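Each remark here refers to the structure printed beneath this line.
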Amino acid sequence: MKRPEPVQVIKQRRDKALQSVLQGVPYIQFMGFKFDRRGDELTGIMPYQDMLIGNPMLPALHGGATAAFLETTAIVELSWAMMWDRMEDGEDVTKLRLPKTIDFTIDYLRAGLPRDAYARATINRSGRRYASVHVEAWQDNRTRLFAQATGHFLMPQTDTNT
């Protein structure tokens, strides 16, 4: 009977897989996006930076920064879900390709304030070729969203010869 892996080994494998996704996209580092992992659940974090302000008179977060944060959260969540079973089976998932955006619709519900923002994505449908994802973003209160989005993505094709 095979002994279960130590918890620390499992955590290290999962953290390495998530970091491979995040480090593979330079824009994530440029924008300063982070992801908090609790088991298989991810929360996107957009730490506040002055460069994220679009309207200094209010001040409010730039709509483009908000859109990039929501889209990045959706793509990372899709990638994480896609690699989860393969990673748990011990496969090297550090070289997997990312989903490609087909369309992405954003609802700006209120001004994003000059503070940290958080987002979670929910996969509505994920098949071999196509996926649909909903993302919600908030700042101080999870029930008071400042933006939400729905996106459709083309899933990367896996090589059946390997």
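The values are calculated or read from the model by the stated rules, or taken from the named source; none is laboratory data. Bear in mind the structure is a predicted one, so any value in this text is a computation, not a measurement. Note: ideal-geometry Cβ built from the backbone for every residue, glycine included; neighbour counts use all protein chains shown.
When the stretch 1-36 is filtered for residues that are in contact (Cβ under 8 Å) with a residue 24 or more places away in the chain and outside any loop (DSSP other than H, G, I, E, B), the ones remaining, listed by number, are ARG13, ARG14, LYS16, ALA17, LEU18, SER20, VAL21, LEU22, TYR27, ILE28, MET31, PHE35.
Taking the residues in the stretch 81-92 that are crowded, with 16+ Cβ neighbours inside 10 Å and within 15 Å of the chain's Cα centre (by Cα) as candidates, determine which candidate is nearest to ARG142 (Cα to Cα). Restricting to residues being crowded, with 16+ Cβ neighbours inside 10 Å and within 15 Å of the chain's Cα centre (by Cα), the top hit is ALA81.
If you check ARG128 against the conditions, is it farther than 25 Å from MET51 by Cβ and either under 14 Å from the mean Cα position of the chain (by Cα) or without any contact (Cβ under 8 Å) to a residue 40 or more places away in the chain (or both)? Yes, satisfied. The set of residues from the stretch 31-55 being acidic (Asp, Glu) and either over 13 Å from ALA121 (Cβ atoms) or within 11 Å of the chain's Cα centre (by Cα) (or both) comprises ASP36, GLU41, ASP50. For the stretch 104-124, taking the residues that are under 16 Å from the mean Cα position of the chain (by Cα) and of a type in the set (D, E, K, R), the one that is farthest from LEU61 (Cα to Cα) is identified as ARG120. One residue stands out among those in the stretch 135-151 that are touching a Ser or Thr at 6+ places or on another chain (Cβ under 9 Å) and either of a type in the set (Ser, Thr, Tyr) or without any contact (Cβ under 8 Å) to a residue 60 or more places away in the chain (or both): the one that is farthest from PRO99 (Cα to Cα), which is GLU136. Flag set for THR73, criterion: modelled with pLDDT of 95 or more, over 15 Å from ALA17 (Cβ atoms), assigned to a helix (DSSP H, G or I) and out of contact with any Cys (no Cβ under 8 Å at 6 or more places or on another chain). Go through the stretch 78-91 and report how many residues are part of a loop (DSSP other than H, G, I, E, B) and more than 11 Å from ARG14 (Cα to Cα). So the answer is 2.
Would you confirm, using the coordinates I've provided, whether LEU18 is touching a Lys or Arg at 6+ places or on another chain (Cβ under 6 Å) and surrounded by 10 or more Cβ atoms within 10 Å (Cβ to Cβ)? When the stated conditions are applied, LEU18 passes them. Restricting attention to the stretch 93-111, which residues are surrounded by 12 or more Cβ atoms within 10 Å (Cβ to Cβ), out of contact with any strand residue (DSSP E or B) (no Cβ under 7 Å at 6 or more places or on another chain) and farther than 16 Å from THR73 by Cα? Selection gives VAL93, THR94, LEU96.
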